[in-house]
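Report on the structure given below.
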Amino acid sequence: MDFFSKGYSVLVGDRGQEQSPTETIQRLADRAAHATLMEDRRAAVLSLKGLSREYKAGVGHAALDALLTLLDQDKEDPGIVKPILETLHNLCTHDPRDEPATLGAEFSAKVLENQANVEALLDIMVQTDFYVRFNAVQLLGTLLASHPTPLQDAILVLPLGVGRLMDLLDDHRDIIRNEALLLLITLSQDHDDIQKIVAFQGAFDRLLDIMTAEGGIRGGIIVQDCIQLLHNLLRYNVSNQNFFRETSCIQRLPVLLSTEVDNANTQPYEEEESFAWSEQAAANAAYLLDMVRLLIVPGNLNTKANQDAIYQCDMFAPLVQLSLAPDTPSAVKAQALYALGDIVRANHTNQDVFMRITITVVPDNAAEDDTKLIPEPVIVSIVNIAVGANRAGGALPTPYAVRSAATYLCLSYIYDNPDTQLALVSTLTPPPSDNPNSVLHGSARSAGSLLIEALLPGDETAAENPFCTWYAAVILGHLLAGHPTCKQLALKVSFGEPERGEDPVSLMQELTQALIHAVEKKLDSRVAIGLLTLLCRWLNDSPTSVAQFLEESTNVHFLIEEVTKASGTNNDPVVQGLLALLLTLIYQYNDEPCGGLSRHDLQPILHQRIGIDTIRNRLNRMRDSKAFQDPSFSLKPTAFHPTSHLPELYFDQGFVDFVRSNIDGWQRALSTSPAKVAQARSPQPAAKSSPSIAEMTSSDNAGASAGTGAVVGAEEHRAAIAALEQTVQTQMAEIQALTTQMQSMVVAPAEASAPDIKAKESSTGSNDAPSSPAWSTKVAELEQQLCEQQEKLAALEKEQEDLLVYLVEQETQCKQYRARLRELGEDIPLSDEDDDDGEGGEDETNDDDADTTTMIVALEPKSTSTPSPKVTPNHFV
Amino acid sequence: MASYAYLFKYIIIGDTGVGKSCLLLQFTDNRFQPTHDLTIGVEFGARIVTVGNKRIKLQIWDTAGQESFRSITRSYYRGAAGALLVYDITRRDTFDHLATWLEDARKYSNPNITIMLIGNKCDLAAKREVSREEGEAFAQENGLFFIETSAKTAANVEEAFVNTAQDIYDKIQTGVLDVTNESCGVKTGPTQSGLASLPSAATESNRGCC
């Protein structure tokens, strides 16, 4: 009590008179600065502390220097350090009553003026006294809030500065640890050097330790704080990202993401409870997934290494679980899907792994009947989410954010990978009905069938849910883009069964019909935009596709009519621009003879009826439209409202890039004369398709010949495949020979200075060249030969395509057989599975491989006693 | 992402332009970059070496030699088990500055830190300004290891890093360094043993079309 009386005696004064506050404060400040006895100094500081709220300006101006000197001088004594820190904190904190309002900031600046003050504050942290540490951290936090840069700079140059703060993370008193965490978050914000030092001082390990101890994403707000600090350290900091990977931190993430109840921590007799999502857990999970994505930003230098590390630590399992489990909150689901997308994007190994993941869907109504648990490729479930098809049973519609994320994953899965592209496209055709597996997969859906269903929905669905078509169109558009074989496969898809007397209608015609319908019925513009972007990607650089489009003559008339309209299609310049684009592509790639309009027929229509300038204007108006200007790379919807209104999504980035880089060429082609369009193009079509086929056959070859499977069925198939390959190869050679022959035929007369054969073709009969009749007969002869050869080539090409499709089917069947045999208990070496992995003695690796790629997701939230269905090692599409 | 028994933290210090970043690049990537890109702040590199039949992961922090970064790089002394103190044998001034670097290292680092003195650019014998003996003498006086290297020809680069690791490893064996104290700059490797058996991503390069 002594110091109380001493303190107040100053206030009262010698003669019992009250003194003015200014005088009192001055006296106290003097005493704090000059008193020789510690007790006196402490009494003075305590009094100042008492006054520091009410007379902030006075205390600050009179005593700040004295307090700071004392802090350094008496830093060993918690008894005085604590009130000093509290007083300083009162002075530096902003208070709404402050006069002037900047008072707190002013005093903060004064504290920071001298580097020694910061050093003293950090030195104080060595003391373990709770209040000392707590107040010191708080004071630093206050200083940092008002003057981030000076304090960051001051701490940076103190060799032990950051280390002292990092040590606080190990404090067993949660309050101090948490305060330190908050301080470090602010401190490391936007400061590369501090971020590196914090990482160097072992931040990653310590943070992951804390998170693990708190139960991963199931933990509280402290976990979120840890993730935030990790965010700060990793974002924009490549060096730290490398460090994170090199210190094996990525390996620690899957556990944190897991929602499965940790068996080690639960009592043996306790009923196993499934995890229930809290708001905090959802925030933690979404945030942690966001952090994972920081490591694998598409296009970054170290993305590949991080993707590989993520695969090796088996992060697929928890991510797939989060993506597909029905009780996962939407925000988390979307982030998990995006994360998966970034993990597989442009990484062939990971795309492969993803292709081989199968999941077992436990239907809602599956009570005891566990015999029908059919594993399906995970991509099927992802496509299902994307197109929003799972609305049976009155389930809520999937939010757009989740569907966009699922679409992004689909696009990432096929990004830069013709193999996965082809694998998905091949599912567009339903399996042959005589396939014994169709009993097993009879009702099962394939990715392709889901896409087609979504593209061609009933009337009400299209009107009600335009995005049903849109997402499916974006995915299919990417599936066909730049892949001639895929386009050929898609051309073969048709509906209607001839046996029942129905005329088969091709997918292309169905889509065009849907487009015409959407425009005529004035459905939401996204339906038309989706279908048009798909058709544009399909017809681009593909004369056979253009030919199929033109088979129905009304199609092109529809285009011409709509493009001519002065008011835009349904007053929408974007749709009209896309229609004009489609027309342009048709003009440019109309190389194949077909029943419809030829390029020569089209030219006058474009030039005279519509006008080249009009078409160009239509194109440019679309290009300059807002919808086209800000496409979304990640397809992230702007609004997060689940159903209330449609998100502002019109174009995907891929399509916009595709148009931007080609539009000039297309526009040029418009004014090129019909005969020269094909020549003006670089010799793409033929050159492009053949190598890709060659590549495929050779890789198939390697795969087929590598296996030495013991199964007779598989052996037979292999033989069949090999035979087919042989055929394909001989035909390839034949085609090549024919092509060269044809070329030499074209070149020979041209060299002889005869008029251009192509020109002649166009103006038949009007032979104006002053050459001898012998020449003209020769030319006619050659022309005929050329026609014949062309026909032959086309026939061969068709045959080859058919064989290729057959090959794909055989391969699929082979795999299904193998899987089935294995289910039946047949022992098949696993190396047989990997088509490319022919070396023996790798069985162990493959075992592990199988484990990493197969998982079961119970699509029922609370499946209490569902017996774990038997896991078969591997299932292929 | 192979496993390892221990993890050692290194720092590389010394005047600007003596070849610190080049030594690191040669050690981690086996390549040499003739142009001098100033290191800004601190850069990070890592590699696994084998010492005494144990796999040891080296985490190496390459610091900026410029005076203006000096205060920042001091933060990295604490928590380093090894320091590579580099000078340029063709520039006498870089040798003369060793004393101040050493003073910093002694002041801010763990007392048991292993310091390797490196005379770099030994391929440029014609331009030599600091003799090998001088380097050796300085090392002896101050209780440092000594080696002459060339980041360009890779001569002795491996040895510089590995010999340092050997000494740190010996200190652990003899109990001088405590692996549980993180400020010593050494740590035991991750304990998850299952990792080693994971398939390597390289085995699958291409596959069939379905």
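The values are calculated or read from the model by the stated rules, or taken from the named source; none is laboratory data. What you are looking at is a predicted structure, and each value in this text was computed from that prediction instead of being measured. Please note: Cβ atoms are built from the backbone with ideal geometry, for glycine as well, and neighbour counts cover all protein chains shown.
Which numbered condition trips up B:Ala165, out of (1) in a helix (DSSP H, G or I); (2) over 16 Å from the mean Cα position of the chain (by Cα); (3) surrounded by 14 or more Cβ atoms within 10 Å (Cβ to Cβ)?
(2)
If B:Arg74 satisfies every condition in (1) in contact (Cβ under 8 Å) with a residue 60 or more places away in the chain; (2) within 12 Å of another protein chain (Cβ to nearest Cβ); (3) basic (Lys, Arg) but one, which is the exception?
Failing condition for B:Arg74: (1).
Looking at (1) at pLDDT 95 or above; (2) within 14 Å of another protein chain (Cβ to nearest Cβ), which one does A:Asn302 not meet, given that it meets all the others?
(1)
Matching residues to (1) within 14 Å of chain B (Cβ to nearest Cβ); (2) of a type in the set (A, V, I, L, M):
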residue	(1), (2)
A:Leu158	yes, yes
A:Met166	yes, yes
A:Asp174	no, no
A:Ser188	yes, no
A:Asp192	yes, no
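Which numbered condition in (1) at pLDDT 80 or above; (2) within 14 Å of another protein chain (Cβ to nearest Cβ) is the only one that A:Glu788 fails?
A:Glu788 satisfies all of (1) at pLDDT 80 or above; (2) within 14 Å of another protein chain (Cβ to nearest Cβ) except (2).
Report yes if some residue within the stretch A:523-533 is in a loop (DSSP other than H, G, I, E, B) and either modelled with pLDDT under 90 or assigned by TED's automatic domain parsing to the domain that holds A:Lys676 (or both); otherwise report no. If you could, list the steps in order and put the result at the bottom.
Step one: of the stretch A:523-533, the residues in a loop (DSSP other than H, G, I, E, B) are A:523-524.
Checking which are either modelled with pLDDT under 90 or assigned by TED's automatic domain parsing to the domain that holds A:Lys676 (or both) leaves us with A:523-524.
Yes.
For the stretch B:1-44, which positions are among the aliphatic types (A, V, I, L, M) and part of a helix (DSSP H, G or I)?
First, the residues of the stretch B:1-44 that are among the aliphatic types (A, V, I, L, M): B:1-2, B:5, B:7, B:11-13, B:18, B:23-25, B:38, B:40, B:42.
Residues satisfying the conditions are B:Leu23, B:Leu24, B:Leu25.
Across the stretch A:69-105, what is the number of residues that are farther than 23 Å from A:Gly161 by Cα and surrounded by fewer than 17 Cβ atoms within 10 Å (Cβ to Cβ)?
Qualifying residue count, the stretch A:69-105: 10.
For the stretch B:48-71: of the residues being surrounded by fewer than 18 Cβ atoms within 10 Å (Cβ to Cβ), among the small types (Gly, Ala, Ser) and within 14 Å of another protein chain (Cβ to nearest Cβ), which is farthest from the chain's Cα centre (by Cα)?
In the first step, residues of the stretch B:48-71 are kept if they are surrounded by fewer than 18 Cβ atoms within 10 Å (Cβ to Cβ); the result is B:48, B:50, B:52-55, B:66-68, B:70-71.
From the residues that got through so far, the ones that are among the small types (Gly, Ala, Ser) too are B:52, B:68, B:71.
Checking which are within 14 Å of another protein chain (Cβ to nearest Cβ) leaves us with B:68, B:71.
Details: B:Ser68: 22, B:Ser71: 20 Å.
Once the filter is applied, the top-ranked residue is B:Ser68.
Quick check: is even one residue across the stretch A:600-607 touching a residue at least 12 places away in the same chain (Cβ under 8 Å) and more than 17 Å from A:Ala547 (Cα to Cα)? Before you say what the answer is, go through the steps one by one.
Within the stretch A:600-607, the first condition is being touching a residue at least 12 places away in the same chain (Cβ under 8 Å), and the residues that meet it are A:600, A:602-603, A:605-606.
Of the ones still in play, those that are also more than 17 Å from A:Ala547 (Cα to Cα) are A:605-606.
For the stretch A:600-607, residues touching a residue at least 12 places away in the same chain (Cβ under 8 Å) and more than 17 Å from A:Ala547 (Cα to Cα): present.
Could you pull out the residue among A:Gly141, A:Gly202, A:Gly220 that is closer than 30 Å to A:Trp277 by Cα and surrounded by fewer than 23 Cβ atoms within 10 Å (Cβ to Cβ)? So that I can check it myself, show each step before the final result.
Values: A:Gly141 fails: closer than 30 Å to A:Trp277 by Cα; A:Gly202 fails: closer than 30 Å to A:Trp277 by Cα.
It is A:Gly220.
Considering only the stretch B:1-47, state which residues are among the charged types (D, E, K, R) and surrounded by fewer than 19 Cβ atoms within 10 Å (Cβ to Cβ). Lay out the reasoning, then the answer.
Residues of the stretch B:1-47 that are among the charged types (D, E, K, R), as a first pass: B:9, B:15, B:20, B:29, B:31, B:37, B:43, B:47.
Answer for the stretch B:1-47, where residues must be among the charged types (D, E, K, R) and surrounded by fewer than 19 Cβ atoms within 10 Å (Cβ to Cβ): B:Asp29, B:Arg31, B:Asp37, B:Arg47.
Would you tally the residues in the stretch A:513-539 being more than 22 Å from A:Ser625 (Cα to Cα) and surrounded by 22 or more Cβ atoms within 10 Å (Cβ to Cβ)?
2
List the residue pairs whose Cβ atoms are under 8 Å apart, where the first residue sits in the stretch A:724-739 and is closer than 20 Å to A:Glu788 by Cα, the second is modelled with pLDDT under 75 and crowded, with 16+ Cβ neighbours inside 10 Å, and the two are 6 or more positions apart or on different chains.
Every condition considered, the pairs that remain are A:Met732/A:Ser690; A:Met732/A:Ile693; A:Met732/A:Thr697; A:Ile735/A:Ser690; A:Gln736/A:Ser690.
Out of curiosity, is A:Thr212 within 39 Å of the chain's Cα centre (by Cα) and either under 30 Å from A:Trp277 (Cβ atoms) or surrounded by 20 or more Cβ atoms within 10 Å (Cβ to Cβ) (or both)? Steps first, please.
On the way: within 39 Å of the chain's Cα centre (by Cα): yes; either under 30 Å from A:Trp277 (Cβ atoms) or surrounded by 20 or more Cβ atoms within 10 Å (Cβ to Cβ) (or both): yes.
Against the criterion (within 39 Å of the chain's Cα centre (by Cα) and either under 30 Å from A:Trp277 (Cβ atoms) or surrounded by 20 or more Cβ atoms within 10 Å (Cβ to Cβ) (or both)), A:Thr212 qualifies.
May I ask you to verify whether A:Ala723 is small (Gly, Ala, Ser) and modelled with pLDDT under 65? Explain how you work it out, then say what you get.
Details: small (Gly, Ala, Ser): yes; modelled with pLDDT under 65: no.
Criteria not met by A:Ala723.
Within the stretch A:49-63, track down each residue that is of a type outside the set (Ser, Thr, Tyr), part of a loop (DSSP other than H, G, I, E, B) and closer than 12 Å to A:Pro21 by Cα.
Our first condition is that a residue be of a type outside the set (Ser, Thr, Tyr); within the stretch A:49-63, this holds for A:49-51, A:53-54, A:56-63.
With the extra rule that they be part of a loop (DSSP other than H, G, I, E, B), the set shrinks to A:53-54.
Result: A:Glu54, single match.
Among the residues of the stretch B:77-97, what is the count of those that are among the hydrophobic types (A, V, I, L, M, F, W, C), away from chain A (no Cβ under 14 Å) and outside any strand (DSSP E or B)?
Residues that pass the stated criteria total 2.
As an exercise: evaluate B:Lys187 against (1) modelled with pLDDT under 85; (2) within 25 Å of the chain's Cα centre (by Cα); (3) within 30 Å of A:Asp308 (Cα to Cα) and give the number of the one condition it does not meet.
Looking at each condition in turn, B:Lys187 falls short on (1).
Restricting to the stretch A:110-138, what's the tally of residues that are touching a Leu at 6+ places or on another chain (Cβ under 9 Å), surrounded by fewer than 17 Cβ atoms within 10 Å (Cβ to Cβ) and part of a helix (DSSP H, G or I)?
Residues flagged as touching a Leu at 6+ places or on another chain (Cβ under 9 Å), surrounded by fewer than 17 Cβ atoms within 10 Å (Cβ to Cβ) and part of a helix (DSSP H, G or I) within the stretch A:110-138 amount to 3.
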